[in-house]
Each structure stands twice: as structure tokens, then as C-alpha cells.
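The values are calculated or read from the model by the stated rules, or taken from the named source; none is laboratory data. Computed from a predicted structure; not experimentally measured. Neighbour counts run over all protein chains shown; Cβ positions are idealised from the backbone, glycine included.
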Amino acid sequence: MRALRHVGNLDEIKDMRAWLARIAWRIAVDRKPSSRHVNMDDLEERGEEARSPAVPADEVVLEHQLRAMLEPMIASLPMKLRGPLVLSTIEKLSPLDVALMLGINEAAVRSRLFRARTILREKLAARLGESV
């Protein structure tokens, strides 16, 4: 619906893919987080993954533990740092694509990625230091 509102301005848009991605990103950011629920498909998939002979079960467990530790840390980052980190690291977008999506320059994306990773590294080190 948001894209259709601006259908008259399509001639002014330089990169249609980046424009649509930016709209999708803003909608995702604006969406209120729903209550946490257990997805049975995810549990079944993880069970299959743990039984897979290709990946040792201890590696699967460690990966899930690390993910469980990192997700709240990532969520606690300010949005201006979290956005570039998620788009670059998790969504595998290039810094240029992230810059186009967020409407900032590529240097700002790289700077924010560096800062976000530094903060996560410090939080993770503090968390692991506590548990040792």
C-alpha cells in the first residue's frame, strides 16, 4: 500500500529495488513485536539438525546457545546500529545496498557496523567472563 501511494512519482526513483527494500524495512521496523511463541516447525527442524550426521550435535547445541545469547544483545542495540548490523550480517546485504535501504551513505554504514560489532564483542566478553 505504501508503494502504491507514490506510484505517480516512479519516474523520480533511481533504484526501484532499493526503494522497495527501504519501504519493506521501514514497515518491519515499525511493526510492534508480537508475543514470543514456540513455532513447532522450528523445533522439528532443530531436532532434525541435531540428529544430522553432517554436523556434530555439540556444535548444533553450541550454535543455538550462542544465538540465544546474541539475540537479546543485538535487540538491545540502538536502532541506528542494529539496522545496518542485521541487514549486513544476517540478511547478507552489501554496505552499498544497506546504505541505499537506510538512506545513509556507505561510510556511515561501515562506521555503524564497526561500532555495533565492538559493542557486541564487549557485551559478549563480559557475559562469558561472568559465566567462567
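For ASP97, state whether it is assigned to a helix (DSSP H, G or I) and surrounded by 14 or more Cβ atoms within 10 Å (Cβ to Cβ).
yes
Based on what the data block shows, is GLY129 loosely packed, with under 14 Cβ neighbours inside 10 Å, closer than 28 Å to LEU20 by Cβ and outside the structural domain of LEU20 (by TED's automatic domain parsing)?
no
If you check LYS80 against the conditions, is it at positive phi and either out of contact with any helix residue (DSSP H, G or I) (no Cβ under 6 Å at 6 or more places or on another chain) or at pLDDT 70 or above (or both)?
Values: at positive phi: no; either out of contact with any helix residue (DSSP H, G or I) (no Cβ under 6 Å at 6 or more places or on another chain) or at pLDDT 70 or above (or both): yes.
So LYS80 fails the test.
With of a type outside the set (A, V, I, L, M, F, W, C), at pLDDT below 75 and closer than 29 Å to ARG121 by Cβ as the only criterion, which of ARG67, ARG5, ARG51, ARG26 stands out? Working first, answer last.
Numbers: ARG67 fails: at pLDDT below 75; ARG5 fails: closer than 29 Å to ARG121 by Cβ; ARG51 fails: closer than 29 Å to ARG121 by Cβ.
Criteria check complete, one pass: ARG26.
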